[in-house]
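The values are calculated or read from the model by the stated rules, or taken from the named source; none is laboratory data. Note that this is a predicted model, so its numbers are computed, not measured. All Cβ positions, even for glycine, are placed from backbone atoms using ideal geometry, and neighbour counts span all protein chains on display. Side chains included, ligands, DNA and RNA excluded: accessible areas come from the protein's heavy atoms. Shrake-Rupley method; radii C 1.70, N 1.55, O 1.52, S 1.80 Å.
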Amino acid sequence: MTEVIFALGAQDDLAGVTTYCDYPDAARKLPKVGDFSNPSLERIVGLKPDLVIVNLPEQNRIKTELEQYKIPVFVTEPESLADIYRDITNLGGRIGRQRAADSLVAYMRKHIRPTGRKAKSVYIELSPRPLITIGRNNFLNEMVGMAGGKNIFDDLGRPYPAVNQEEVIKR
């Protein structure tokens, strides 16, 4: 979402980002609130944000804590590219950048297309401990397919399943 905020031209409104938000380069200079899975409530509250963007289910804990502090949250939980497009459109409306959001979504719809390449086996590791990958029901699996890949765990129905090393090697 940091990249989306920059693409919408609203980067001057960013109070902080997560540790791994490093694109574009200007994002590296912003205050860090912790990593994606464990943002610091104290750091977020200290920045006095008008709005905090959270991604479910991973950031449900911080969402609940922010709501207790009456800090507004914008929730994303994308399972498909269509969900991402919807989230960008809704976020653009929420931050007063509707025209930019509509333009960005139109650009993405035009340029993100299936490649038609022969499928290659793909494994995406989101976390080493526990070992977390992507299953069938999420936008990353959809994008792997569009890029000509075949997610080795697309038979798993959970969006972000924990797996074991032996199963990764086997597949």
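So, Val45, is that one touching a residue at least 12 places away in the same chain (Cβ under 8 Å) and either at positive phi or part of a helix (DSSP H, G or I) (or both) or not? Working first, answer last.
Values: touching a residue at least 12 places away in the same chain (Cβ under 8 Å): yes; either at positive phi or part of a helix (DSSP H, G or I) (or both): yes.
Against the criterion (touching a residue at least 12 places away in the same chain (Cβ under 8 Å) and either at positive phi or part of a helix (DSSP H, G or I) (or both)), Val45 qualifies.
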Quiz item: Regarding Ala119, is this residue free of Cβ contacts under 8 Å to residues at least 24 places away in the same chain and of a type in the set (Gly, Ala, Ser)?
Solution: no
Quiz item: Before we move on, is Val4 of a type outside the set (Lys, Arg) and outside any helix (DSSP H, G or I)?
Solution: no
Self-check item: Unmet criterion (only one of (1) in contact (Cβ under 8 Å) with a residue 24 or more places away in the chain; (2) assigned to a helix (DSSP H, G or I)) for Pro114
Solution: (2)
Quiz item: Given (1) modelled with pLDDT of 95 or more; (2) within 20 Å of Val4 (Cβ to Cβ); (3) open to solvent by 40 Å² or more (accessible area, probe 1.4 Å); (4) not hydrophobic (A, V, I, L, M, F, W, C), where does Tyr123 come up short, assuming only one miss?
Solution: (2)
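May I ask you to say which residue of Ser121, Ser103 is farther than 21 Å from Leu56 by Cβ, in contact with a strand residue (DSSP E or B) (Cβ under 7 Å, 6 or more places away or on another chain) and not in a loop (DSSP other than H, G, I, E, B)? Write out each step before concluding.
Details: Ser103 fails: in contact with a strand residue (DSSP E or B) (Cβ under 7 Å, 6 or more places away or on another chain).
When all the criteria are applied, what remains is Ser121.
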Exercise. Only residues in the range 156-167 that are open to solvent by less than 50 Å² (accessible area, probe 1.4 Å) count as the first member; pair them with residues that are assigned to a loop (DSSP other than H, G, I, E, B) and polar (S, T, N, Q), Cβ under 7 angstrom, at least 6 apart or cross-chain, and list the lot.
Key: Gly157/Asn137; Pro159/Asn137; Pro159/Asn138; Pro161/Thr133; Val163/Thr133
Quiz item: What is the one condition in (1) among the small types (Gly, Ala, Ser); (2) outside any loop (DSSP other than H, G, I, E, B); (3) in contact with an Asp or Glu (Cβ under 7 Å, 6 or more places away or on another chain) that Ala27 does not satisfy?
Solution: (3)
